[in-house]
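Working notes, structure below.
The values are calculated or read from the model by the stated rules, or taken from the named source; none is laboratory data. Since this is a predicted model, take the numbers as computed values, not measurements. Quick reminder, even Gly has a Cβ in these numbers, built from the backbone with ideal geometry, and neighbours come from all protein chains shown.
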Amino acid sequence: MSRFFYAIPLLLYFSLFLTYPCSSQVLDYRTEINVDDNQVKTTIKTIRFQINSKDENGLSHIQIPHSSKQNFTLLYAKIFDTQNNELRKLKKKEVTSRNYKTNSVFHQDNEITEFDLYWNEYPYQVEYSYEIKEAEFIYITHWSPLLFKGIDSKNANLIVTIPKGYEVNYNNTSSYTFSQEELENGDRLTWAIQNSHHIEPEIYGPAQDELYESVVIVPNNFKYGIKGSNQSWSSFGDWIMRLNKNTDILPKEEVNQIKELVNGITDTTEIIRTLYHKLQDETKYVNVAIDIGGLKSYPASFVSKTKYGDCKALTTYMKSMLNGLGIKSYYTLVNAGSKVSSIDTSLPGQQFNHVILMVPQAKDTIWLENTSKSAPFNQPNDFTQNRYGLIVDGTDSRLVQLPRLTLDDVLVRKDLTIENSDSKNNNFQATLTLKGADYDHLNYLNKKGDEKSIVINLKRNLGFKNIVISDWTIKESHRDNPSIQAIVSGTSKDIVREIGNMTVLANLLIEIPDFNRPNKRKSPVVFYYPLNEKHTITFKGFEDISKVDLPQNINIKSPFGHYTVSHEIRDNSLVSQEHLLLFTQTIALENYSDFYDFIEKINDYKTNAKIVFQ
Amino acid sequence: MKPFLTIICIFLFHIASTQVKEVEYGIISSDEAEMNNYAADQTANAVVLFDKGASRFIETDAYNYDIEFNRHKRIKIFDSSDKENSEIKIPYYIGSKKRKEEVKSIKAQTINYVNGEKKVTQLNPETIYDEKLNDDWRQKKFVFPNVQDGAILELSYTVNSPFKFNLPDWAFQNKIPTIYSEYQVAMVPFYEYSMITQGINSFDFYKEGLSDAKREWGNGSNSAYGGNYDNRFQEKIYTYVLNDVPAFKDENFITSINDYIIKMDFQLSKVSIPGQLDKKVISTWPKLNADLLTNEYFGFYMKQSKRFAKKILSEDLHLGDKSNEEKIAAIINYVKENYEWNGRKGKFATQKAKEFQLSKTGNVGDINLFLIALLNEADIDVEPVILSSRDHGKINVDYPFSHFTNYVVALIKNKNPFLADATDDLLPFHRLPLRTYNDWGLIVNKDDEAKWITFSNTVESIEKNVLTITIDPESKTLSSLVSIQNTEYEAYTKRQKYRNDENDIEDYYSEKVGSINKSVHRGYEKNNNAYVLNFKTEFEPEIIGKKMLIKPFLNLPLSENKLTQEERTYPVDFGFPFNNIFESQITIPEGYTIDFIPENFQKSNDLVTINLNYSQDGSNIRVIGNYQFHKAIYAPENYQEIKEDMDLIVSHFNELIIIEQE
């Protein structure tokens, strides 16, 4: 499983990952950012929202995250009635703080400041304002008018004041009113937007942040730990490289150990593979985000001693092992996630949350995910595939396209044999050969030895209900083969159903995603990687099976994908083969009807192609 | 000398041949080094080789003691990928800036054996992090370095506490097996504790005895306060050992692991300082009640609340002509509507009454003690009842330990007495939140005898599903009017889950009833009434040739047995008894005949009632059924039977009616 490093922009983007009832609304969200002549950034956020009923009171439990490098001050927090009469002011002693906690980070020094502001007459309005001062920063803002997940914003303004000669680069989505005003000592840039609506996620919809309005502003030059520049990807990459200077040096003693380890191996790829296995076997992922832990790696010597680290530290460690053998490799920043949030290539700067390692070879390039104890060597995975990565190589740093998952990489095969039984529960034996994300998940559980979760995973993969698993075995492939096989046996009463005087066989088990009708779909459909699933189901021991009217075979082809089914009687058994293929693609809303028709054709066929005995 | 420790436990003392294990930091035996699995539990990813804790009292000044707790633990790792065993968290309490616990002398090392050679990696102190959990608690945390398969992790630390009420408890059981667990408490004669054990029939080793050395109390003089007594004393040392404690395996549907883990707890019961009167901290439930009634954040808080109660009664509630029953309902609903529970439990208020009136939010204590004050002021006979919430473990009524309780509700002693809680506005005024149903509650009053109330949920909750289904022969779809009427806790759980949000309701129910064309929901605001979800839906039935397969209750009944364990040693706790009722009327269109109607089914006993009945009237098929679980909690010995009953329900309530096109 891939892991992320602590990404500074994401901390402030949605201040809370909680959802609230939709009728509450942020009335006014004003962000004023001032960069002074000493290049100290002061951000004042003032938020006013309305609570209409007791059900919405959850929003009045306010949590403000801020980082350890920021100087945070809560300016005020008050309750008003709708006539703007002040009802109550928060007292200092009502404010509490604690360390920020997330499941993926073992320890971080960021904090949450929190307080409650409730009133008992509705509607009421809460307004609070806080200031954050930062002497060092790498971006001015990653700003969205939507402050709370699930809550619309009526008015939102971003006002940025910068001194004369202070150069910034910015980008924004299209719905803002933008103005620029020249001041005596600088410039004021203003973005305003009204009625920003929360968008409900949809099945196979784009990454959520792709759907929202945003403004991103970065300084051309900055100091964060050391001086750096966002003027180009090469300058940003160069800053990352300088920030992490001398971190990729392995202690001499360990270099000698590595040399001994690979002694006799002549092929460079095999040497890299050996070191990668050493990394996987001896280290583990633990994320500690302190100081400028978001971007600066712990040195290789730290991992060498502790044998743990976050993605930066583990990647640096892997790099240092290769350095020790004179093999060149490159720290590569990536915005990881199973949904691909695109990199704004026109706006160089910090847009990443993960690090992998690129090792150039004469014939090919090797890509290494260094946080997983189970990921196969040099195999793309759904967290980092098919997107831009920033190769960190001093002033030669550059964006490159990372390898994508191919049809073969994601092929999932399920072979089931169902034996007729006198009881209502029919026996089944299944061989599941999983690749892609399904492989990642089962392989992770298997390595962890989590048997309870493995059984849940196997039931989900079998694709029918009311399963009692009597036996299962996981057959591991070679550690670098990205596939895993599970052999499962058990019973289920859902695969052969007795209904009235009929026996109905469930012979088509590929689950088709439940897409909305075209009039309800609001966002494009995105397959970030292909779906490729093949089933073979064999029914044995059913008398007179050869007399059954078999459904027509089918082959539905479209630009979106293929669906193929064949049925045959073989050795007095019924064998149905089903194959679904959906390509990597983005289906725009204007093409959604055609795609929906394709899906409906598949569903219609599955509805009418049942095998029935009378 | 006074007694040091009152031992209250159910086990028989048993002095076995086991001796106390002598260990030295860093000295690893060859057995420990070579161990590659734990024979008694081959599935274990790690095993605690030993866990030794020792608490003693250290003199901080002439007349005061702090508690010093030392721990030394060694773990053998079989599978290093299970990270939990190498991540250490040491919580400590901060009462105020002046008095707080301190964690000191953390030492940790990882010992690996590489090709038979011992390699020790020390914990770098810079990688010990301090985390603020809330205003009262912090924790030290670190990760053992260089943990490989076969590694031995060794840890020792000291916690110094000025809080005598915080004499560390001891858990003998962990989530991994424990080979040897020892706790030693060296008592001084000035503090008396009660001890309670859980899950222990006998210790493998137990010893009590006096320390060899004598300590001096006070400033060395034996004439303090004009007295003339021996100011030297010996510590009384108690040692407890358990061997081969199995891993605690978590199971579904249990109230709290606190109820089952093998452990011992301590409670300060008396302070006996020479020259001063003995101070009984706690000795009986009535004494605890008396203390609560004078406590600043319990009894005094209720008194403080009186003047606000008076004002609210005269200015907001106007209860003059109302009956007692009406007054009670109005007051409870007033508190529910005007104050917000912050999600925290606690029997004590956390703020002064005046502050609560301003903040309008608080914990259980803030809200329910104010409710009691308000009811009192309205001349309603009411008393507080303290209890332990379900996630806090069960109270053992034999032992008067304050920290066993963490919640307070109001006992309203009206014509029909009932318990009330004003923290949840989604429940009717006379219903308690499910979190409170946990066996026992103690009435807090001035009586000399403790009075207990049982907390068991006997209120049956109903979900009644009424369906009217017509069939469109052209489109081959089922048009259905579906009404789902929920009462009591069925209504509450749905109110809580959906908050009447149409999108959330439709997202959930579209899988149950098909595509939803219209939905109307009633009764959300009136928590005393049924919460009714009405849908107009289109459902696509399964078609096989000319046959249409109709689920009379669509996908509303239970479709999968959630009880999957082979056997169960803990009760199955549903939270409340429930009755799911189904009524469906299906009109068969012209051109179709009925091909198959399933058989009726009945079963009834003390545990469960199941009924399903099909009838036909011309072109209408009527199907009526229900499954009723009579109890909220089923004992483990009933597990197999209710598991089979669940199977029957899944099987019968999802049977299909077949109609065929002529």
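Give, as residue ranges, the strands (runs of 3 or more DSSP E) completely inside the range B:578-662 that count at least 1 residues that are more than 22 Å from B:THR470 (Cα to Cα) and away from every other protein chain (no Cβ under 14 Å). Outline the logic, then answer.
Numbers: elements: B:578-587, B:592-596, B:601-604, B:608-617, B:620-629, B:657-661.
In the range B:578-662, B:578-587, B:601-604, B:608-617, B:620-629 are the strands (runs of 3 or more DSSP E) which contain 1 or more residues that are more than 22 Å from B:THR470 (Cα to Cα) and away from every other protein chain (no Cβ under 14 Å).
With A:PHE137, A:PHE115, A:PHE106 as the choices, which residue is surrounded by 17 or more Cβ atoms within 10 Å (Cβ to Cβ), under 30 Å from A:VAL286 (Cβ atoms), within 11 Å of chain B (Cβ to nearest Cβ) and not small (Gly, Ala, Ser)? So that I can check it myself, show each step before the final result.
Details: A:PHE137 fails: within 11 Å of chain B (Cβ to nearest Cβ); A:PHE115 fails: under 30 Å from A:VAL286 (Cβ atoms).
Exactly one residue qualifies, and that residue is A:PHE106.
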Checklist entry - Only one residue in A:SER573, A:SER546, A:SER566 is in contact with a Phe, Trp or Tyr (Cβ under 9 Å, 6 or more places away or on another chain) and free of Cβ contacts under 8 Å to residues at least 60 places away in the same chain. Which one? => result A:SER573
Item to check | Condition met for A:ASN353 (out of contact with any Phe, Trp or Tyr (no Cβ under 8 Å at 6 or more places or on another chain) and at negative phi) | outcome: no
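Residue-by-condition table, conditions (1) of a type in the set (Lys, Arg); (2) modelled with pLDDT of 95 or more; (3) in contact with a helix residue (DSSP H, G or I) (Cβ under 9 Å, 6 or more places away or on another chain); (4) crowded, with 21+ Cβ neighbours inside 10 Å:
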position	(1), (2), (3), (4)
A:SER214	no, no, yes, no
A:ILE240	no, yes, no, yes
A:LYS278	yes, yes, yes, no
A:ILE292	no, no, yes, no
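Restricting attention to the range A:457-468, and to residues there that are at the interface with chain B (Cβ under 10 Å from one of its Cβ atoms) and surrounded by 14 or more Cβ atoms within 10 Å (Cβ to Cβ), which single residue is modelled with the highest pLDDT? Break it down into steps so the answer makes sense when it comes.
Initially, the range A:457-468 is screened for residues at the interface with chain B (Cβ under 10 Å from one of its Cβ atoms), giving A:459, A:465-468.
Filter again for surrounded by 14 or more Cβ atoms within 10 Å (Cβ to Cβ), leaving A:459, A:465-467.
Values: A:LYS459: 92, A:LYS465: 79, A:ASN466: 79, A:ILE467: 87.
That would be A:LYS459.
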Next on the checklist: Tally up the residues in the range A:200-212 that are out of contact with any strand residue (DSSP E or B) (no Cβ under 6 Å at 6 or more places or on another chain) and either surrounded by 16 or more Cβ atoms within 10 Å (Cβ to Cβ) or outside any loop (DSSP other than H, G, I, E, B) (or both), please.
Outcome noted: 8
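Residues that are within 14 Å of another protein chain (Cβ to nearest Cβ): which strands (runs of 3 or more DSSP E) entirely in the range A:559-614 hold 1 or more of them?
Values: elements: A:561-570, A:573-582, A:585-587, A:611-613.
Result: A:611-613.
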Next on the checklist: Please pick out the residue among A:ILE193, A:ILE162, A:ILE217 that is β-branched (Val, Ile, Thr) and either within 30 Å of A:ASN57 (Cα to Cα) or within 14 Å of another protein chain (Cβ to nearest Cβ) (or both).
Outcome noted: A:ILE193
Checklist entry - Is it the case that A:ASN335 is over 20 Å from A:TYR444 (Cα atoms), out of contact with any helix residue (DSSP H, G or I) (no Cβ under 9 Å at 6 or more places or on another chain), in contact (Cβ under 8 Å) with a residue 12 or more places away in the chain and more than 14 Å from chain B (Cβ to nearest Cβ)? => result yes
Next on the checklist: So in the range B:97-129, with the set limited to residues that are in contact with a Leu (Cβ under 9 Å, 6 or more places away or on another chain) and more than 14 Å from every other protein chain (Cβ to nearest Cβ), which one is farthest from B:LYS140 (Cα to Cα)?
Outcome noted: B:LYS107
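Criterion first (within 25 Å of A:SER372 (Cβ to Cβ), touching a Pro at 6+ places or on another chain (Cβ under 8 Å) and buried (at least 16 other Cβ atoms within 10 Å of the Cβ)) does A:THR247 satisfy it?
Here the answer is yes, as A:THR247 does meet what is asked.
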Checklist outcome for this item: When (1) β-branched (Val, Ile, Thr); (2) closer than 21 Å to A:LEU279 by Cα; (3) surrounded by 21 or more Cβ atoms within 10 Å (Cβ to Cβ) are applied to A:VAL340, the one that fails is (2)
Checklist entry - Counting residues that are free of Cβ contacts under 8 Å to residues at least 60 places away in the same chain, which strands (runs of 3 or more DSSP E) fully inside the range A:391-489 reach at least 3? => result A:426-434, A:467-476
Next on the checklist: Can you confirm whether A:ASN425 is modelled with pLDDT under 90, within 21 Å of the chain's Cα centre (by Cα) and within 14 Å of chain B (Cβ to nearest Cβ)?
Outcome noted: no
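I'd like to know if the range B:97-110 contains one or more residues that are more than 34 Å from the chain's Cα centre (by Cα) and either modelled with pLDDT under 95 or not in a loop (DSSP other than H, G, I, E, B) (or both). Reasoning before the result, please.
So in the range B:97-110, the residues more than 34 Å from the chain's Cα centre (by Cα) come out as B:109-110.
When the remaining residues are screened for being either modelled with pLDDT under 95 or not in a loop (DSSP other than H, G, I, E, B) (or both), the result is B:109-110.
Checked the range B:97-110: at least one residue is more than 34 Å from the chain's Cα centre (by Cα) and either modelled with pLDDT under 95 or not in a loop (DSSP other than H, G, I, E, B) (or both).
For (1) out of contact with any Ser or Thr (no Cβ under 9 Å at 6 or more places or on another chain); (2) surrounded by fewer than 17 Cβ atoms within 10 Å (Cβ to Cβ), each residue gets a yes or a no:
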residue	(1), (2)
B:LYS119	no, yes
B:TRP137	yes, yes
B:ALA151	no, no
B:THR158	no, yes
B:GLN173	no, no
B:PHE190	no, no
B:MET195	no, no
B:SER202	yes, yes
Item to check | Filtered residues of the range B:20-60 (kept if under 25 Å from B:ASN160 (Cα atoms) and assigned to a loop (DSSP other than H, G, I, E, B)) | outcome: B:VAL20, B:LYS21, B:GLU22, B:VAL23, B:GLU24, B:TYR25, B:GLY26
Item to check | Number of positions in the range A:517-549 that are of a type in the set (S, T, N, Q), touching a strand residue (DSSP E or B) at 6+ places or on another chain (Cβ under 8 Å) and surrounded by 12 or more Cβ atoms within 10 Å (Cβ to Cβ) | outcome: 3
Next on the checklist: So in the range A:550-569, with the set limited to residues that are hydroxyl-bearing (Ser, Thr, Tyr) and in contact with a strand residue (DSSP E or B) (Cβ under 8 Å, 6 or more places away or on another chain), which one is surrounded by the most Cβ atoms within 10 Å (Cβ to Cβ)?
Outcome noted: A:TYR563
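Looking only at the range B:320-361, count how many residues are farther than 22 Å from A:TYR124 by Cβ, touching a residue at least 12 places away in the same chain (Cβ under 8 Å) and either among the small types (Gly, Ala, Ser) or not in a helix (DSSP H, G or I) (or both). Write out each step before concluding.
Filtering the range B:320-361 down to residues farther than 22 Å from A:TYR124 by Cβ leaves B:320-332, B:344-350, B:352-353.
Remaining after also requiring touching a residue at least 12 places away in the same chain (Cβ under 8 Å): B:324-325, B:327-332, B:344-350, B:352-353.
Add one more test, that the residue is either among the small types (Gly, Ala, Ser) or not in a helix (DSSP H, G or I) (or both), and what stays is B:329-330, B:344-350, B:352-353.
Number of matching residues: 11.
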Item to check | Selected residue (only one of B:THR294, B:THR284 is away from chain A (no Cβ under 14 Å), without any contact (Cβ under 8 Å) to a residue 12 or more places away in the chain and either surrounded by 17 or more Cβ atoms within 10 Å (Cβ to Cβ) or within 29 Å of the chain's Cα centre (by Cα) (or both)) | outcome: B:THR294
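Of all residues being farther than 23 Å from A:THR491 by Cα and crowded, with 20+ Cβ neighbours inside 10 Å in the range A:428-443, which is nearest to the other protein chains (Cβ to nearest Cβ)? Just the residue, please.
Looking only at the range A:428-443, we keep the residues that are farther than 23 Å from A:THR491 by Cα, and these are A:435-437, A:439-441, A:443.
Restricting the remaining residues to those that are crowded, with 20+ Cβ neighbours inside 10 Å gives A:435-436, A:439-440, A:443.
Details: A:LYS435: 22, A:GLY436: 22, A:TYR439: 17, A:ASP440: 15, A:ASN443: 12 Å.
Among those that are farther than 23 Å from A:THR491 by Cα and crowded, with 20+ Cβ neighbours inside 10 Å, it is A:ASN443.
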Item to check | Restricting the range B:60-96 to residues that are of a type in the set (Asp, Glu) and within 28 Å of the chain's Cα centre (by Cα), the residue that is farthest from the other protein chains (Cβ to nearest Cβ) | outcome: B:GLU84
Next on the checklist: Suppose we filter A:ILE33, A:ILE64, A:ILE47 for residues that are assigned to a strand (DSSP E or B), away from every other protein chain (no Cβ under 14 Å), in contact with a strand residue (DSSP E or B) (Cβ under 6 Å, 6 or more places away or on another chain) and within 21 Å of B:ARG344 (Cβ to Cβ); which single one remains?
Outcome noted: A:ILE64
